[in-house]
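What follows is a short report on a single structure.
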Amino acid sequence: MKGRILIIEDEPLLAFHLEDLVHKLSYRVSGIANDLASTLCLASYANIAFVNVHLAEGRTSPRIGQPLAYDVGVAVTGDETSVKDSVSGRFGVISKPVSPEKITGALKYVLQCRLGRPSIHSKA
């Protein structure tokens, strides 16, 4: 099962970099959102979301990540200490800068969790 990835990032260069990494790993990007409204419009097209901690609207990961966490696998990007437990149901935090190894590990871990078989070794 390959994922359809929603990238929630307000910095265009970072969003495109993450999109490029995801494509190189043979996953589909269902969209790039940069705020709550665009996230809600695109959420139904994804089964995994990378949610940035801070968007132009401010610290939005709890407001954006929480509704997604129940229907979409959520991996939060940003500083782990600033996220803490702000998004319950999230599968992990990916520290920036993102790398192919971090993205690969996160995608494997989220997909395994969605299938009910998490592996400690591939945790985001």
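Under a 5 Å amide H cut-off, with hydrogens placed 1.01 Å from N, A33 pairs with I7, I8, E9 among residues at least 5 apart or on other chains. Length gained on full extension, E11 to K24: 2.7 nm, using 0.36 nm per residue less the C-alpha separation.
Throughout, read-outs are computed from the coordinates displayed, never taken from laboratory work. Bear in mind the structure is a predicted one, so any value in this text is a computation, not a measurement.
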